[in-house]
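To start, the structure itself, in structure tokens.
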Amino acid sequence: MASSGFQADVKALQKHLAARHLIYQHQHNKQMSCPAMAQLLSNTLYYKRFFPYYSFNVLGGLDNEGKGCVFTYDAVGSYEKVGYSSQGSGSTLIMPFLDNQLKSPSPLLLPAQDAVTPLAEAEAIDLVKTVFASASERDIYTGDKLEIVVINADGIRREYMDLRKD
Amino acid sequence: MNFTASKQPENCLLGPESDSQRTLYPYVTGTSVVALKYKDGILMAADMGGSYGSTLRYKSVERMKPIGKHSLLGASGEISDFQEILKYLDELILYDNMWDDGNSLGPKEVHNYLTRVMYNRRNKFNPLWNSLVLGGVKKGEKYLGTVSMIGVNFEDNHVATGFGNHLARPILRQEWHENLSFEDGVKLLEKCMRVLLYRDRSAINKLQIAKITEEGMTISPPYSLKTYWEFSAFENPTQGAVGSW
């Protein structure tokens, strides 16, 4: 789960969900699937509809079949399964670039086409690095360092990259 | 006990009656706290001033206190709220000791507790108007964290509150390194405190430096820093200035 916004709310929200995930594991003896966590996050956010968590989230993970999924949220819990997304202060800079590069099928098409992006892992990571380096140029809040989390069948891996420090 | 009928419930945010129940602005405040990790533990510095707006009202305020066996808390902001936090922590440590189970709260746990307290008060629109620095050592592991009045918290190798963030941290980013000796750590902290003394109007030249290691906590007696005001730019401030408007 990646969150942008007010840090104290972000930490509180992530802590809340981590606790709920632990309870789920105790009760069901398995990890929560990404779609399940997606619904939980939405409900948690809407619970504070009238005093929101100032947190703009993107949730990524694997569903019950092991396929990757990405969910994007607003601060009060509206969510959608997408092929890619960005949130936060740099999102206006990043999103159009992602649209251009990933050529996701139009949501108006019938029959509906899958939103899965066709990139290999190395290409995807490279794209993420490019996108953040570009956003750091023009968004004053983006910069210093980037953390990339890669989730696949082999497990979870983290990579770090320095960004412009100004 | 309020026997007169209230028009609104006490916890209502609107109306003058309930405003007397929550913090709106600070009164007596302390300025920056600066702290860093060094070889044996944590070093923390804070001056002893308690300002009442622009008046220097109190000149012997101890803004750093030991918490339990393993932690040291430094605070800036409203002094009365700091005293209330010490009361909360007193109770926390008491309950921890009463378990009598050989375990004791470490700095990480105390920091987490403080974060929860500050965040929850912020959510009730009744903040404790402080920025806190929590440092300590437990089982050889050094810990240094900070929490603000709205619940923003993080841990790092060096932290500061208030003006310290703007004036001291850049110095620390350049000159801090792992395994600083005690002497080097003190020199570095004094360098930061000197800059703050020159440039922060609420800083006073009477400070303490506290040290916490695995062995325990010590706090220096109050002392003052040597300052230099003979810079030629100060003596002739208008020299070389262009024009007069």
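Read the figures in this text as sums done on the coordinates, not as results from a lab. Keep in mind the model is a prediction, meaning the values are calculated, not measured. Neighbour counts are summed over all protein chains in view; Cβ atoms, including those assigned to glycine, are modelled from backbone coordinates with ideal geometry.
Here are some notes:
- Cα centroid separation, the range A:1-48 to the range B:69-109 (Å): 30 Å
- By other beta-carbon atoms within 10 Å, ranking B:234, B:163 with the fewest at the front produces B:234, B:163.
- Rounded to the nearest 20 debye, the dipole magnitude of the protein assembly as shown is 660 debye, with +1 charges on Lys and Arg beta carbons, -1 on Asp and Glu beta carbons, and the Cα centre as origin.
- Each residue of the range B:125-141 was assigned a 3J(HN,Hα) from its phi angle through the Karplus curve 6.51 cos²θ - 1.76 cosθ + 1.60 (θ = phi - 60°); the sequence is 6, 9, x, 8, 7, 9, 10, 10, 10, 10, x, x, 9, 9, 6, x, 8 Hz, with glycine and proline shown as x.
- Kirkwood-based Rg to Rh ratio, the range A:1-88, C-alpha trace: 0.96
- Applying the Kirkwood pairwise sum to the alpha-carbon positions of the protein assembly as shown produces a hydrodynamic radius of 24.9 angstrom.
- Based on alpha-carbon atoms, the Kirkwood radius and the radius of gyration of the range A:92-165 give Rg/Rh equal to 1.04.
- Diffusion coefficient of chain B by Stokes-Einstein, Kirkwood radius over Cα pairs, 37 °C, 0.692 mPa s: 168 µm²/s.
- For the listed residue pairs A:145/B:138; B:87/B:138; A:11/B:39, the alpha carbons are over 26 angstrom apart in A:145/B:138; A:11/B:39.
- Taking 7 Å steps out from each Cα toward its Cβ at residue A:147 and residue A:30 produces label points 2.9 nm apart.
- For the segment B:118-131, counting C-beta atoms of other chains within 10 Å of every residue's C-beta and taking the mean gives 1.
- When the GluC sites (Glu not before Pro) in the range A:103-166 are filtered for DSSP coil states and for at most 16 other beta-carbon atoms within 10 Å of their beta-carbon, no site remains.
- Mean residue ellipticity, 222 nm, helices only, the protein assembly as shown: the sum of -39500 (n - 2.57) across DSSP H runs of n ≥ 4, divided by residue count and rounded to 500, is -11000 deg cm²/dmol.
- Nonlocal amide H pairs with residue B:56, under 5 Å, H built at 1.01 Å: none
- Other protein chain C-beta atoms within 10 Å of residue C-beta, averaged over A:5-11: 5.
- Of the peptides B:150-161, A:63-74, the order by per-residue mean of other Cβ atoms within 10 Å, starting with the highest, comes out as B:150-161, A:63-74.
- At least 27 Å along the helix axis (C-alpha) and Kyte average at least -1.0, DSSP helices within chain B: B:79-98
- Amide H to amide H distances under 5 Å link residue A:163 with A:144, A:145, A:146, where only residues 5 or more positions off or on other chains count and H is placed in the peptide plane.
- Placed amide H near residue B:28: partners under 5 Å, 5+ positions off or other chain: B:79, B:80
- Phi angles across the range A:75-81 convert, under the Karplus curve 6.51 cos²θ - 1.76 cosθ + 1.60 with θ = phi - 60°, into 3J(HN,Hα) values of 5, 10, x, 5, 9, 7, 7 Hz, Gly and Pro given as x.
- With R₀ set to 22 Å, the beta-carbon distance separating residue B:184 from residue B:206 gives a calculated FRET efficiency near 0.40.
- Taking other Cβ atoms within 10 Å as a rough exposure proxy, A:95, A:1 sort from fewest to most as A:95, A:1.
- Over chain A, all Cα pairs binned in 5 Å intervals from 0 give whole-percent P(r) values of 1, 8, 15, 20, 21, 18, 12, 5, 1, 0, listed from short to long.
- Cα centroid separation, the range A:95-166 to the range B:197-231: 47 Å.
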